[in-house]
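Take a look at the structure set out below.
None of the figures in this text is laboratory data; all of them are computed from the coordinates on show. Everything quoted here is computed from the prediction, not taken from an experiment. Quick reminder, even Gly has a Cβ in these numbers, built from the backbone with ideal geometry, and neighbours come from all protein chains shown.
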Amino acid sequence: MIETKLHDDVLEIVLANAPVNALGAGVRFALSQAIENAQTDVHVRVIVIRGAGKLFSGGADITEFDQPPTGCTLPAVIDAIEASSKPVVAAIHGMALGGGLEIALGCHYRLATRTAKLGLPEVSLGILPGAGGTQRLPRLVGLEAALDMIVSGSPVSASKALEIGLVNQLIDEQGLAANAIAYARTIDAPRRTRDRRVSSDAGAFERFAAANARKIKDLDAPKACIAAIKASVDLPFDEGQALERELFAELVAGAQSTALRHAFFAERAAGKVLGLAKETPRRPITKIGVIGAGTMGGGISMNFLSAGIGVTIVDMTGEALERGVGLMRANYEASARKGRLSSEQVKEAMDLLTPTLDFDALEDCDLIIEAVYENMAVKKEIFARLDDIAKPGAILASNTSYLSIDEIASVTNRPADVLGLHFFSPANVMKLVEVVRGAKTADDVLATGMSIARTIGKVPVVARVCYGFIGNRMLIPRQDNAYAMLLEGATPEQIDRVHTDFGMPMGPLQMIDLAGVDIGWHRDTDRVESLQDALCAAGRWGQKTKAGFYDYDDKRKPTPSPVVAEIIDDFRNRAGLKRRAISDDEIVARTLYTMVNEGAKILEEDIAQRASDIDVVWLYGYGWPRHKGGPMFWADQIGLATVVQGLERYAARIGEDFSIASLLSRRAVDGGSLEK
Ligand code: 3H9
């Protein structure tokens, strides 16, 4: 748990609890013992604390938060460190996060290597720094910097930490221990952060709350963080810390933190493919081919270019290629203008791109991703050609959103090398990739698909083959019911409001407007048989034509459209339907519960490995509010019986083929959950 070593008069304490030196009960006990013993050990004059392996510490052991407290608490250990009569120096490399940084704050001096990152990310777990962080950080770095770090949860770099006074000196990582020990020898006496005062700034809290109101809105943790930081100004240290403890205890037991912790572990679980040995080899990937320079192909390519991996992009016409490459460059330049990239980085990325009309140029690519429009015949033709061109061992991927990978793979002589890599739009931004495992996909192809997705900063989730895989399949009943309810009497605003109030970034109809109302519309027919046909025929193709279910101004701000209301009325009359009032309860059941129901079917059919994988799809692919954990977690929280009753209440209206998933019915009766 910890290792100690005496170097003449310097005691070195190494936190050693792989993989992230989490501060579980064993570490806390050993650390407090070591500090206590050092007080009376005449050989020890100064103490250095550092971390073993890649980092200082990833903080408190999050798995303990669901269990009754055991052993000495982290705040008590840190108080003991600060109270030490012998000076204590923290030597930080890699990362010092959460409780890890709080240990460093309890130390009398802090050193960091140049590449280290220091942060208090507790807020992203729905809690606050509960081991003195909200009281010590403002005392060290001032109110403004402390508010920024604690409420955003984002770590700062070592150089920033030096600038704001969080660390005393930067040191070289090479010879970390020796460098820290040499520094420790120059220290005479302890210097306790708790004895400092926070210089008060009357307007700081109001300014901060106003600037961050939108981000904080429905979230408990940032509000508690602000209250605790305020106590560092208003109250003596011990009283401030007592308030921090109280707020921490409330948050950790609350629904939001439970959901956010679920999201943390769900994301990590999704990376593990059941039945795939950890040591499954990965195929080397150094060169990517992308077929199709449209919005998706371009976005997909950018991920690799940004990660320093070369991409050959192919399209049918020079015009399409030019447009696609131009859009990628424009996207990079927009990021540069926002200060997210330097102009050298833009150049470096674009230099890695080889646009070509020559399909044969894909012959030396290790991974080729097809990103053309959704048409099975076209995809089959492309894969048959790829089978002739691609080198042996190359991985052939399709970015299809719905179609069968098995059918696509069947036209090749190497179905084991084929898989789906389903990116979400905009593909250079959205973190989710559904990695679709065909019936014949080889294990090493799947493992490589997962790891290359992580290399480019994505969150991969495995799905098996079905129409729409995980995310889009669940979207179908939601969208169908949204359309149906418009005809029955709901307005687009009402349906969307239920979703945005819930915390989704947009509602079902706003989503259609963003994606394009014309997707899937057959523009060559004159027949107007659906609401979609009518909107498209009226030129209302969504945000891109500034008119869809809503009217849009130049800033893409939506307002309700009287024209749409008329179109809907007209359709209702033609269908012989009578307008009725639709309750929010009905909207929730027919759009959110139906998604949960489809998710349960996806689980039953083994399309998804686990319920939490479905949650990850919705968190990273569709902006499901993280503090609600994902649709399956949410269903468990509100109760599966509630979901089933809601579905039963509106079953007759949900759709002709509608049925309740047997898994859902069973668990609703036996009191079980989807997650376990
Ligand atoms: C806190 O400190 C509260 C205090 O203020 C007050 C207390 C009173 N605990 O992410 P990785 C596991 S709250 C337990 O894949 P990486 C993780 O689940 C904490 N387990 O590695 C995974 O397990 P598995 C504030 C943890 O190199 C394995 O370690 N701290 C913890 O990509 C590897 O993790 C945070 O919020 C933990 N704290 O990234 C930091 N951390 O292999 C949370 C990780 O079984 N952690 N695990 O799937 C991180 O952000 C990243 O793990 C880190 C490493 C950046 C450290």
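Net charge of the neighbourhood of Leu97, taken over other residues with C-beta under 13 Å away and scored Lys/Arg +1, Asp/Glu -1, is -1.
Charging the Cβ of each Asp and Glu at -1 and of each Lys and Arg at +1, and nothing else, the dipole of the chain about its Cα centre rounds to 960 debye.
For the ranges 604-611, 507-514, what's the packing order if you count other beta-carbon atoms within 10 Å of each residue, average per peptide, and put the highest first? Could you put the intermediate results ahead of the total?
Details: 604-611: 18.6, 507-514: 23.2.
Listed from highest to lowest mean packing, they are 507-514, 604-611.
The ranking of Leu619, Leu274, Leu251 from fewest to most other beta carbons within 10 Å of each one's beta carbon is Leu274, Leu251, Leu619.
Where does each of Ser561, Ser662, Ser451 land when they are ranked from fewest to most other beta-carbon atoms within 10 angstrom?
Lowest count first: Ser662, Ser451, Ser561.
In plain terms, if you count all Cα to Cα distances in the range 323-368 and split them into 10 Å steps from zero, the share in each step is 24, 42, 26, 8 percent. Between 0 and 90 degrees, rounded to the nearest ten: what's the tilt of helix 594-604 against the longest Cα principal axis of the chain? That helix lies at roughly 80 degrees to the long axis.
In order along the range 183-191, the Karplus-derived 3J(HN,Hα) couplings, from 6.51 cos²θ - 1.76 cosθ + 1.60 at θ = phi - 60°, round to 5, 4, 5, 8, 8, 9, 9, x, 9 Hz, and Gly and Pro are given as x.
For the range 490-574, compute Rh as the Kirkwood radius over C-alpha pairs and then the Stokes-Einstein diffusion coefficient at 25 °C and 0.890 mPa s; write the answer in µm²/s, rounded to an integer. Display every interim value, and only then the final one.
Values: Rh = 13.1 Å.
The calculation lands on 187 µm²/s.
As a ratio to 2.2 N^0.38 Å, the alpha-carbon radius of gyration for the range 2-253 is 0.95. Using only the alpha-carbon atoms, how far is helix 220-234 inclined from the longest principal axis of the chain? Give it as 0 to 90 degrees, nearest 10. Computed tilt is about 30 degrees.
Quote the convex hull volume per residue of the range 287-468, based on C-alpha atoms, as a whole number of Å³.
Numbers: hull volume 17.6 nm³, N = 182.
It comes to 97 Å³ per residue, whole-number rounded.
Lys/Arg Cβ at +1, Asp/Glu Cβ at -1, dipole of the range 490-574 taken about the Cα centre: which of Gly507, Ala534, Gln494 is farthest positive-ward? Farthest towards the positive end: Gly507. Take the alpha-carbon centre of the range 531-599, take the same for the range 84-114, and report the distance between them in whole Å. Centre-to-centre distance over Cα atoms comes out at 56 Å.
Computed over neighbours whose Cβ is under 9 Å from that of Val44, the net charge equals 0, Lys and Arg +1, Asp and Glu -1. With helices as the sole contributors, the chain gives -14500 deg cm²/dmol at 222 nm; each DSSP H run of n ≥ 4 counts as -39500 (n - 2.57), and the sum is divided by every residue. With the convex hull drawn around the C-alpha atoms of the range 487-632, the volume per residue stands at 137 Å³. Reducing the range 392-423 and the range 184-251 to their Cα centroids gives an inter-centroid distance of 53 Å. A simple rule links phi to the HN-Hα coupling: the Karplus curve 6.51 cos²θ - 1.76 cosθ + 1.60 with θ = phi - 60°, which for the range 255-268 gives 5, 5, 5, 4, 5, 5, 5, 4, 4, 4, 6, 4, 4, 6 Hz, with x for Gly and Pro.
Using only side-chain charges placed at the Cβ, +1 for Lys and Arg and -1 for Asp and Glu, the dipole size of the range 287-468 relative to its Cα centre rounds to 760 debye. Residues Cys225, Cys107, Cys72, Cys466, arranged from fewest to most other Cβ atoms within 10 angstrom of their Cβ, appear as Cys72, Cys466, Cys107, Cys225.
Backbone amide hydrogens, once placed in the peptide plane, bring Ala463 within less than 5 Å of Val435, Val436, Arg437, excluding anything fewer than 5 places away on its chain.
Among the listed pairs Lys458/Lys676; Lys160/Lys272; Lys217/Lys431; Lys347/Lys546; Lys391/Lys601, a Cα-Cα separation exceeding 30 Å is found for Lys160/Lys272; Lys347/Lys546; Lys391/Lys601. Ranking Pro155, Ser200, Ile519 by Cα position along the charge dipole of the chain, where only Lys, Arg, Asp and Glu carry charges on their C-beta atoms, puts Ser200 farthest toward the positive end. In terms of Cα atoms, the Rg and Dmax of the chain work out to 28.2, 93 Å. Which of Pro460, Ala60, Ala83 sits farthest toward the positive end of the charge dipole of the chain, with +1 on the Cβ of Lys and Arg and -1 on the Cβ of Asp and Glu? Going by the Cα projections, it comes out as Ala83.
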